[in-house]
Amino acid sequence: MREREEPFDILPPDIFPPDPLVNRAPRRAVIVLIVPQPPAGHSPGSNEGFFVENCFVRSPDGCRYAYVRLGSEKGGPPLLLLSHFRASIDMWDPALLQRLAADRTVIVVDNRGIGLSDGTTPSTVEAMAEGIAEFMAALGVGSVDVLGFSLGGYVAQALTRVRPNLVRRLILAGTAPRGFGEDDATGGRVRSIISKEVISPKDIVHLFFPPTAAGRAHGVEYIRRLSRRQAGPAGGVIETSWRAQLEAAEAWGARDPLAVGELAAITQPTFVAHGELDIMVAAEKSNILASHVPHSVLKIYPGTGHGFLFHAYEEFGTDVVRFLAGESSQHAMLPDVEMK
């Protein structure tokens, strides 16, 4: 039934924030603040009063990177989040960020040409990874834990292979290995949606959440949380940037029978996670990753889609925290490997 598949008509129109994926020129502003921890007793699911300020750092070649930094400085290495296709900092779920930042520093960055960052978006995943390495050098951080989501997972793999000294532990979420065929998002209705000039909140829910009453409800709540997020000046993803991202993603998926050998070079402890009903990147791709990355563990989140980490943010956030601490989850047995 239509109401089950798209429960938007019953909602007030002002629920939805301005489209964060709209094709618009990024605004520029200089705000350099460290985000405080949420107050004691704050409920992660409510994100009432959750405030994020944009920070900036300039690389040696003059590129200014935009990022946010939140959480506690007392935990382990920072957790660096790498975003999905056509996403800036603003697309990360505040509820997930609060869960991840409860006892460690979390950094979310916009790579070159994305959001409020300067420069031109590279058209290869490898160049995107170099951009992240340059950002880390400019920020003065050494080894970090990395969570790459979707396209960000491609970048995370490349970074880990090329600059292994920069990555302590790795989380690959809703992503795919190089050379195993283009993702579902490169064709059909999904391709037509992600290539639109303006991607609406309804489109986001369709792409990220399963077409069930429960899935759509979780999608609407995700959009609500984004709309309540208090933030500094926002930056979009202009068309030249997302087309460069699309070119990089297509090249990453091009069939290459030798590419599987690259996965053996990822020796860091790795948590591979995927949504069972993903319509953008098939969950089978995570099975391949977990089969070939030596020290990896796999978890498929049932009843969730591409945005499983926003759908099941409490469960996924807990799994990530335990993985980074070297503990076992009740859902996934983590590998007993020595931290590098």
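The values are calculated or read from the model by the stated rules, or taken from the named source; none is laboratory data. Here the structure is a predicted model, which means the values were calculated and not measured. Cβ atoms come from the backbone with ideal geometry, glycine included; neighbour counts cover every protein chain shown. For the accessible areas, the whole protein counts, side chains as well, though only heavy atoms, and no ligand, DNA or RNA atoms are used. Shrake-Rupley method; radii C 1.70, N 1.55, O 1.52, S 1.80 Å.
What is the calculated FRET efficiency for A214 to T120, with r their C-beta to C-beta distance and R₀ = 35 Å, to the nearest 0.05? Don't jump to the answer; show the numbers that get you there.
Numbers: r = 41 Å, r/R0 = 1.18.
E(calc), rounded to 0.05, equals 0.25.
For V144, what residues show an amide H to amide H distance below 5 Å, using hydrogens built from the backbone and excluding near sequence neighbours?
The answer is V167, R168.
With every protein chain left in place and a probe of 1.4 Å, what is the accessible surface of T124, to the nearest 10 Å²?
60
Using 1/(1 + (r/R0)^6) with R0 = 35 angstrom and r between the beta carbons of N165 and E276, what's the FRET efficiency to the nearest 0.05? Display every interim value, and only then the final one.
On the way: r = 35 Å, r/R0 = 0.99.
E between N165 and E276, to the nearest 0.05, is 0.50.
Can you order the peptides 138-150, 103-115 by their average number of other Cβ atoms within 10 Å per residue, highest first? Numbers along the way, then the final one.
Values: 138-150: 20.6, 103-115: 23.5.
Highest to lowest by the protection proxy: 103-115, 138-150.
For segment 103-159, report the accessible area per residue in Å² (1.4 Å probe, heavy atoms, rounded to an integer).
I get 22 Å² per residue for this part.
Of T318, T270, T120, which has the most accessible area and how do the rest follow, probe 1.4 Å? Could you put the intermediate results ahead of the total?
Details: T318 35, T270 0, T120 115 Å².
From most exposed to least exposed: T120, T318, T270.
Once the whole set of protein chains is in place, how much accessible area is left on L298, using a 1.4 Å probe, in Å² to the nearest 10?
Answer for L298: close to 60 Å² accessible.
Kindly write out, for segment 300-307 in residue order, the coupling ³J(HN,Hα) from the Karplus curve 6.51 cos²θ - 1.76 cosθ + 1.60 (θ = phi - 60°), rounded to whole Hz, with x marking Gly and Pro.
Running phi through 6.51 cos²θ - 1.76 cosθ + 1.60 with θ = phi - 60° gives 9, 8, x, x, 10, x, 4, x Hz.
If you take the charge dipole of segment 197-304 about its Cα centre, with +1 on Lys and Arg Cβ and -1 on Asp and Glu Cβ, which of A251, F208, G219 is farthest toward its positive end?
The residue sitting farthest along the positive end of the dipole is G219.
Expressed as a whole number of Å, what is the distance separating the alpha-carbon centroids of segment 197-212 and segment 69-115?
22
Tally up the carbon and sulfur contribution to the accessible surface of segment 203-322 as a whole percent, 1.4 Å probe, everything protein left in place.
Working: 2300 of 4170 Å².
That fraction is 55 percent.
For D61 and T318, FRET efficiency with R0 = 45 Å and r from the beta-carbon atoms, rounded to 0.05?
Numbers: r = 39 Å, r/R0 = 0.87.
Efficiency computed from Cβ-Cβ geometry: 0.70.
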